[in-house]
């Protein structure tokens, strides 16, 4: 049993003023892992005040000085990679395969900002003016429970690269993961107040960050519903916002695709991180003439996926993060059946022998139309809908007929044809014949999938305010 009863403010581990506790429950068997004491509004205000004070000097540091700080963070995180993986396995049941990649991504995010600082121009001449890109101020960083430390490393390293200071609100469900990364950041020896970590509920800590006038920007990853709430609250103090929200990503298999390769890949794209991923390809669009072939390959693929202990190296689908999330997925499977879709593989209930945990049968629906809820709403679990199309024009129409636009996938033997289709897809990213999650290219969504972009040059600019000086 772990007891986490401290937060991090102004360079120190401190006991929260808040007294509410939250039980940490294993998704694998629903045993209690520990307890965390949550921060409250007073803790959050203290953290914001510390970040505001630190900004006065940190904003004046040079890119070279900030590179030194980021390198210290990189070195500290690198030493704890095994601990980061272990926390993900234990706390939210991320599979070993996924957790290892997510841990390595923490390092890539930091190193990409180090490299960017070596060439980024904070002063430019545009027209007859000198344009100076200045750090915005105190940044509120709000992260979800899935791959929590990756989001913290990405957002914090970008904020620091810009010369901003930060107040981080991780999910209370990621407290064990947060403890590891907080220890890493503390070990890096940054100036007091440059980063602060207050774990608490969104309606308390998140609400204070959203409305506090001393916070200049919020960067948030999470649900579209919460993102809209943050945007509404942030406008009163004219905060800048970067919102990376939900997705219902289409995966389009063209007539000339290599189905023996593309269909198993489609299963992996749908079930990545056990389906608990905003970029999961949960709508598989297939030519009507190839439906039977797709069904045969998909059924054989999914029936052979290992579901179970996330620590096993062969496990592809682990548990849902909580009983609540398990029930949400079950409800959607029932909704799909009630709407008239047919289950190709999977279905309701636990897989045999895994009744103690929050395990879901990887489920594939056929006879799905794009107006069904299972095709329109983000389920955040291992549920895939197969939708047929007659022409490529219809495939594009179906792909774009969604409130979301975060990611899309296309498989084709003709790269030019795939690129032409990619140009028509309303999505922040399109991957052709593969899934490579580029951690430097801009990432973000169209429509309800968010506002703004993260990563690389575009991500850094979101933490900077341009000032034109004419003389």
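The values are calculated or read from the model by the stated rules, or taken from the named source; none is laboratory data. No experiment lies behind these values; they were computed from the predicted model shown. Don't worry about glycine lacking a Cβ; one is built from the backbone with ideal geometry, like all the others, and counts go over all protein chains shown.
Is it the case that residue 115 is assigned by TED's automatic domain parsing to the domain that holds residue 8, in contact (Cβ under 8 Å) with a residue 60 or more places away in the chain and either farther than 20 Å from residue 208 by Cβ or not in a helix (DSSP H, G or I) (or both)?
Values: assigned by TED's automatic domain parsing to the domain that holds residue 8: yes; in contact (Cβ under 8 Å) with a residue 60 or more places away in the chain: no; either farther than 20 Å from residue 208 by Cβ or not in a helix (DSSP H, G or I) (or both): yes.
Considered against the rule, which asks whether it is assigned by TED's automatic domain parsing to the domain that holds residue 8, in contact (Cβ under 8 Å) with a residue 60 or more places away in the chain and either farther than 20 Å from residue 208 by Cβ or not in a helix (DSSP H, G or I) (or both), residue 115 comes out as no.
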### Sole exception among (1) in contact (Cβ under 8 Å) with a residue 24 or more places away in the chain; (2) outside the structural domain of residue 405 (by TED's automatic domain parsing) for residue 235, by number
(1)
### Task
Please enumerate the residues belonging to the range 199-231 that are touching a strand residue (DSSP E or B) at 6+ places or on another chain (Cβ under 6 Å) and under 30 Å from residue 284 (Cβ atoms).
220, 221, 227
### Task
Looking only at the range 429-454, count how many residues are assigned to a loop (DSSP other than H, G, I, E, B) and surrounded by 22 or more Cβ atoms within 10 Å (Cβ to Cβ).
2
### Summary
Counted residues in the range 332-380 being out of contact with any helix residue (DSSP H, G or I) (no Cβ under 6 Å at 6 or more places or on another chain), within 23 Å of residue 305 (Cα to Cα) and assigned to a loop (DSSP other than H, G, I, E, B) come to 17
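Tell me, which residue of the range 391-416 that is part of a loop (DSSP other than H, G, I, E, B) and touching a strand residue (DSSP E or B) at 6+ places or on another chain (Cβ under 8 Å) is surrounded by the fewest Cβ atoms within 10 Å (Cβ to Cβ)? Walk me through how you get there before you give the answer.
In the first step, residues of the range 391-416 are kept if they are part of a loop (DSSP other than H, G, I, E, B); the result is 391, 401-406, 412-414.
Narrowing the set further to residues that are touching a strand residue (DSSP E or B) at 6+ places or on another chain (Cβ under 8 Å) leaves 402, 406, 412.
On the way: 402: 24, 406: 26, 412: 22.
Checked the range 391-416; the qualifying residue surrounded by the fewest Cβ atoms within 10 Å (Cβ to Cβ) is 412.
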### Message
Going residue by residue through the range 200-223, is there one that turns out to be in a helix (DSSP H, G or I), at pLDDT 95 or above, touching a helix residue (DSSP H, G or I) at 6+ places or on another chain (Cβ under 8 Å) and within 17 Å of residue 103 (Cβ to Cβ)?
### Response
no
### Task
Report whether or not residue 187 is out of contact with any strand residue (DSSP E or B) (no Cβ under 7 Å at 6 or more places or on another chain), surrounded by fewer than 24 Cβ atoms within 10 Å (Cβ to Cβ), outside the structural domain of residue 52 (by TED's automatic domain parsing) and modelled with pLDDT of 95 or more.
no
### Task
May I ask you to list pairs of residues, at least six apart or on different chains, whose Cβ atoms are under 8 Å apart, with the first in the range 162-177 being at positive phi and assigned by TED's automatic domain parsing to the domain that holds residue 40 and the second being crowded, with 24+ Cβ neighbours inside 10 Å and part of a strand (DSSP E or B)?
163/135
#### Entry: Odd one out for residue 234 among (1) closer than 25 Å to residue 7 by Cα; (2) touching a strand residue (DSSP E or B) at 6+ places or on another chain (Cβ under 8 Å); (3) not in a helix (DSSP H, G or I)
(3)
### Query
Which fully enclosed helices (runs of 4 or more DSSP H) of the range 6-111 have 1 or more residues being within 30 Å of residue 356 (Cα to Cα)?
81-91
### Task
Any chance you could count how many residues in the range 1-32 are within 20 Å of residue 310 (Cα to Cα) and crowded, with 18+ Cβ neighbours inside 10 Å?
5
